[in-house]
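This report concerns only the one structure given below.
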Amino acid sequence: MLALLLFLVCALVAVLVAAGALLVTAFVGAGQRATDAGALRAVGVRDRTLRAALLVEHLGGVGVGLVVGAVAAAVASWALLPVLPLFDLPSEVLSVRDTPDPVSFAWTLAAVAAGLALLAAGVARVQGRGNRVERVREGGR
């Protein structure tokens, strides 16, 4: 049972790392992105288009991470659950299911996707506010 608990803890850590990576990349590239967005705004690109592009950019990264994470989780569950000892002795009372539950997997994936998509939308919204033309004049500082 401890192995299953640690498996869930590893999954939670993976989600936190994904959220942290999204925030770190947004923070590190914020100045350059604001300068680029300001330059696009100076040449006539609408704010709505810029915000949509930022959102698509972040959602694309989240989507790739979700697909890779889902495949890794499915392979790990498929490979580990049948050989993972849950009890010391076989039980006639408790039946152990050694295959992943697709419904639980889908709901968990949907919840993680919704959370990361909301985070990506928030990051895109914050980055969309800094796309002033003055950023180009400042030289990207």
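The values are calculated or read from the model by the stated rules, or taken from the named source; none is laboratory data. Fair warning: this is a prediction, and the values are worked out from it, not measured in the lab. Positions of Cβ are generated from backbone atoms using ideal geometry, with glycine treated the same way; all protein chains shown enter the neighbour counts. Heavy atoms of the whole protein, side chains included, go into the accessibility calculation; ligands, DNA and RNA do not. Shrake-Rupley method; radii C 1.70, N 1.55, O 1.52, S 1.80 Å.
Looking only at segment 56-71, decide whether some residue is assigned to a loop (DSSP other than H, G, I, E, B) and among the β-branched types (Val, Ile, Thr). Talk me through it step by step, then tell me what you get.
Our first condition is that a residue be assigned to a loop (DSSP other than H, G, I, E, B); within segment 56-71, this holds for none.
Scanning segment 56-71 turns up no residue that is assigned to a loop (DSSP other than H, G, I, E, B) and among the β-branched types (Val, Ile, Thr).
Determine which member of the set 52, 26 is aliphatic (A, V, I, L, M), in contact with a His (Cβ under 9 Å, 6 or more places away or on another chain) and either under 20 Å from residue 116 (Cα atoms) or in a helix (DSSP H, G or I) (or both).
Selected residue: 26, the only one of 52, 26 that is aliphatic (A, V, I, L, M), in contact with a His (Cβ under 9 Å, 6 or more places away or on another chain) and either under 20 Å from residue 116 (Cα atoms) or in a helix (DSSP H, G or I) (or both).
Filter segment 1-30 for residues that are closer than 19 Å to residue 61 by Cα and of a type in the set (Gly, Ala, Ser) and give the result.
Just the residues of segment 1-30 that are closer than 19 Å to residue 61 by Cα, to begin with: 11-30.
Scanning segment 1-30 gives 11, 14, 18, 19, 20, 21, 26, 29, 30.
Take the residues in segment 43-61 that are open to solvent by 50 Å² or more (accessible area, probe 1.4 Å) and in contact with a helix residue (DSSP H, G or I) (Cβ under 6 Å, 6 or more places away or on another chain), then tell me which one is farthest from residue 16 (Cα to Cα).
Across segment 43-61, the extreme among qualifying residues is 51.
Tally time: how many residues in segment 62-109 are closer than 27 Å to residue 21 by Cα and open to solvent by less than 50 Å² (accessible area, probe 1.4 Å)?
Adding up the residues that qualify gives 10.
Which count do you get for residues in segment 110-125 that are touching a residue at least 40 places away in the same chain (Cβ under 8 Å) and open to solvent by less than 60 Å² (accessible area, probe 1.4 Å)?
Kept after step one, since they are touching a residue at least 40 places away in the same chain (Cβ under 8 Å), are these residues of segment 110-125: 112-113, 115-117, 119-121, 123-125.
After this cut, where a residue has to be open to solvent by less than 60 Å² (accessible area, probe 1.4 Å) as well, the list is 112-113, 115-117, 119-121, 123-124.
Of the residues in segment 110-125, 10 are touching a residue at least 40 places away in the same chain (Cβ under 8 Å) and open to solvent by less than 60 Å² (accessible area, probe 1.4 Å).
Hey, any hits in segment 81-103 for a residue that's of a type in the set (Ser, Thr, Tyr), without any contact (Cβ under 8 Å) to a residue 12 or more places away in the chain, part of a helix (DSSP H, G or I) and out of contact with any Phe, Trp or Tyr (no Cβ under 7 Å at 6 or more places or on another chain)?
Within segment 81-103, none of the residues are of a type in the set (Ser, Thr, Tyr), without any contact (Cβ under 8 Å) to a residue 12 or more places away in the chain, part of a helix (DSSP H, G or I) and out of contact with any Phe, Trp or Tyr (no Cβ under 7 Å at 6 or more places or on another chain).
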